[in-house]
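K.L.:
Can you keep this structure in mind? I'll have questions shortly.
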Amino acid sequence: MEENTEHKRRIHYSGKYPKKFEEKYKEHAPEKYAETVAHVVEKGSTPAGMHIPICVGEIMEILDIKPGERGLDCTLGYGGHSTEMLKCLQGKGHLTSLDVDPIESEKTEKRLREKGFGEEIFTVRHMNFADIDKATEADGPFDFVLADLGVSSMQIDDPERGFSYKLSGPLDLRMDPTKGESAAMRLRAMTKDEIASMLSENADEPYAEEIASAIIKTYKKGGTIERTEDLKKVIEGALWKVPKTEQKEAVKKSCQRTFQALRIDVNNEFEVLYEMLSKLPGALAPGGRAAILTFHSGEDRLVKKAFKEAKADGAFTEIAEDIIRPSAEECRRNPRATCAKLRWARR
């Protein structure tokens, strides 16, 4: 006799379409609702809980992956780039994929295992790419390496991660929420000068002094900045002198830059990138190819400088003379690709 299993109803929502992140049942299960996901993508949006890989064609051309080679994806994310690399290997060779985010990497590994990529060809390591030398000791040296430095859409769209000022959630911003200080804790411990410097150095924020003063003033008055909306409100107050006709756009851009600057600070992104770049030549096998995808000028400057110095030292035989950008069509389909810059190097 068959056992009766309890039927679980999905979350109810008001209106014709779900608006909250946790209610978007179709987009959280793209395998079941491919038509809906395709419609969202065609409109130029990224479905909640998903990530559309950027510059896939350009990256695959640069890496020129052959069956039997060994490779490293420094940032697994949703697995889009890793999937394409695995396809190129055609069941021969090996790909190691790193990710510091324990929440998303577990989901992605499960998804790729279900696609048939077993341990013999694909390994996931919960590891920061600053430790690329440890990954090399375990699985390398590598014939090809990719580092996509963008924040995954799944992280941005999940309000519990606190990556977006547009969504109400805890001001966290950690890639690995099990370690270190949240953005709220970090901000509370900083002085006005430290906050202003962080905003200027990490995001070229023109209102750095005003925002830093407003943050400290909030604390002195006994207020708190624990949630994303708290920080947005402080930024709105800091820009009160901006003409009314320009204020909305100015607040939007300052929110984007402030959240970016905080995320970089909380995750030590520049330090981590610098360390990875210093170890990259040693991770590549002779003739190995590396591609790095950046999303703001600070990252790109670091990559450009490191590649030039490595070539001058003889660690690289070739480097990209110019940046490669996504096509206009890709930017139309995926607006998050607009600021992407791609550079490559060969050992």
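K.L.:
Given the structure, is E119 under 26 Å from E269 (Cα atoms) and open to solvent by 30 Å² or more (accessible area, probe 1.4 Å)?
P.N.:
Spelling it out, it is not the case that E119 is under 26 Å from E269 (Cα atoms) and open to solvent by 30 Å² or more (accessible area, probe 1.4 Å).
K.L.:
Of (1) under 18 Å from L284 (Cα atoms); (2) at pLDDT 95 or above, T75 satisfies all except one. Which?
P.N.:
Only one criterion in (1) under 18 Å from L284 (Cα atoms); (2) at pLDDT 95 or above is unmet by T75, namely (2).
K.L.:
Find all pairs meeting these conditions: Cβ atoms under 8 angstrom apart; at least six residues apart or on different chains; first residue within the range 222-240 and open to solvent by 40 Å² or more (accessible area, probe 1.4 Å); second residue in a loop (DSSP other than H, G, I, E, B) and β-branched (V, I, T).
P.N.:
Close Cβ pairs (under 8 Å, with a partner that is in a loop (DSSP other than H, G, I, E, B) and β-branched (V, I, T)) amount to D230/T224.
K.L.:
For F259, are the conditions met, namely being in a loop (DSSP other than H, G, I, E, B), of a type in the set (F, W, Y) and buried (at least 20 other Cβ atoms within 10 Å of the Cβ)?
P.N.:
no
K.L.:
Has the range 263-272 got any residue that is open to solvent by 50 Å² or more (accessible area, probe 1.4 Å), closer than 30 Å to D139 by Cα and outside any helix (DSSP H, G or I)?
P.N.:
Scanning the range 263-272, I find at least one residue that is open to solvent by 50 Å² or more (accessible area, probe 1.4 Å), closer than 30 Å to D139 by Cα and outside any helix (DSSP H, G or I), so the answer is yes.
K.L.:
Go through the range 315-330 and count every residue that is closer than 22 Å to L63 by Cβ and either touching a helix residue (DSSP H, G or I) at 6+ places or on another chain (Cβ under 8 Å) or not in a loop (DSSP other than H, G, I, E, B) (or both).
P.N.:
11
K.L.:
Ok, one more. Residue pairs, Cβ under 8 Å, 6 or more apart or interchain, first in the range 184-195 and at negative phi, second assigned to a loop (DSSP other than H, G, I, E, B) and open to solvent by less than 70 Å² (accessible area, probe 1.4 Å). List them.
P.N.:
Hits for this filter: A184/L171; A184/D172; A184/I225; L187/L171; L187/I225; R188/I225.
K.L.:
Can you find a residue in the range 286-298 that is in a helix (DSSP H, G or I) and either within 23 Å of G71 (Cα to Cα) or in contact with a helix residue (DSSP H, G or I) (Cβ under 6 Å, 6 or more places away or on another chain) (or both)?
P.N.:
For the range 286-298, residues in a helix (DSSP H, G or I) and either within 23 Å of G71 (Cα to Cα) or in contact with a helix residue (DSSP H, G or I) (Cβ under 6 Å, 6 or more places away or on another chain) (or both): absent.
K.L.:
Within the range 84-99, is there a residue that is open to solvent by 40 Å² or more (accessible area, probe 1.4 Å), of a type in the set (D, E), more than 20 Å from L273 (Cα to Cα) and free of Cβ contacts under 8 Å to residues at least 12 places away in the same chain?
P.N.:
No, that holds for no residue.
K.L.:
Here are A310, A250: which of them is farther than 29 Å from D193 by Cβ and aliphatic (A, V, I, L, M)?
P.N.:
Residue meeting the stated conditions: A310.
K.L.:
If a residue has to be open to solvent by 20 Å² or more (accessible area, probe 1.4 Å) and assigned to a helix (DSSP H, G or I) to count, how many in the range 331-347 make the cut?
P.N.:
5
K.L.:
Kindly provide the set of residues from the range 302-316 that are of a type outside the set (D, E) and surrounded by 12 or more Cβ atoms within 10 Å (Cβ to Cβ), ordered by number.
P.N.:
L302, V303, K304, K305, A306, F307, K308, A310, K311, A315, F316
K.L.:
In the range 223-248, how many residues are of a type in the set (D, E), closer than 26 Å to M185 by Cα and part of a helix (DSSP H, G or I)?
P.N.:
So the count comes out to 3.
K.L.:
Let me ask something else. Given the range 93-192, what helices (runs of 4 or more DSSP H) lie entirely inside it while holding 1 or more residues that are hydrophobic (A, V, I, L, M, F, W, C) and modelled with pLDDT of 90 or more?
P.N.:
Here the list reads 102-114, 132-139, 183-189.
K.L.:
Still on this structure: Give all pairs with beta carbons closer than 7 Å in which a residue from the range 56-70 that is under 16 Å from P326 (Cα atoms) meets a residue that is among the aromatic types (F, W, Y) and open to solvent by 50 Å² or more (accessible area, probe 1.4 Å); count only pairs at least 6 apart in sequence or on separate chains.
P.N.:
Between residues of the range 56-70 that are under 16 Å from P326 (Cα atoms) and residues that are among the aromatic types (F, W, Y) and open to solvent by 50 Å² or more (accessible area, probe 1.4 Å), the close pairs are I62/W344.
K.L.:
Out of (1) modelled with pLDDT under 95; (2) under 12 Å from F295 (Cα atoms), what's the single condition that is false for E330?
P.N.:
(2)
K.L.:
Might you check whether a residue that is touching a Ser or Thr at 6+ places or on another chain (Cβ under 9 Å), closer than 20 Å to L239 by Cβ and surrounded by fewer than 17 Cβ atoms within 10 Å (Cβ to Cβ) occurs anywhere in the range 168-189?
P.N.:
Checking the range 168-189: not a single residue is touching a Ser or Thr at 6+ places or on another chain (Cβ under 9 Å), closer than 20 Å to L239 by Cβ and surrounded by fewer than 17 Cβ atoms within 10 Å (Cβ to Cβ).
The values are calculated or read from the model by the stated rules, or taken from the named source; none is laboratory data. Computed from a prediction, not measured in an experiment: that's the story for all the values here. Glycine also receives a Cβ, built like all others from the backbone with ideal geometry; neighbour counts cover every protein chain displayed. The accessibility values were calculated without ligands, DNA or RNA, using every heavy atom of the protein model including side chains. Shrake-Rupley method; radii C 1.70, N 1.55, O 1.52, S 1.80 Å.
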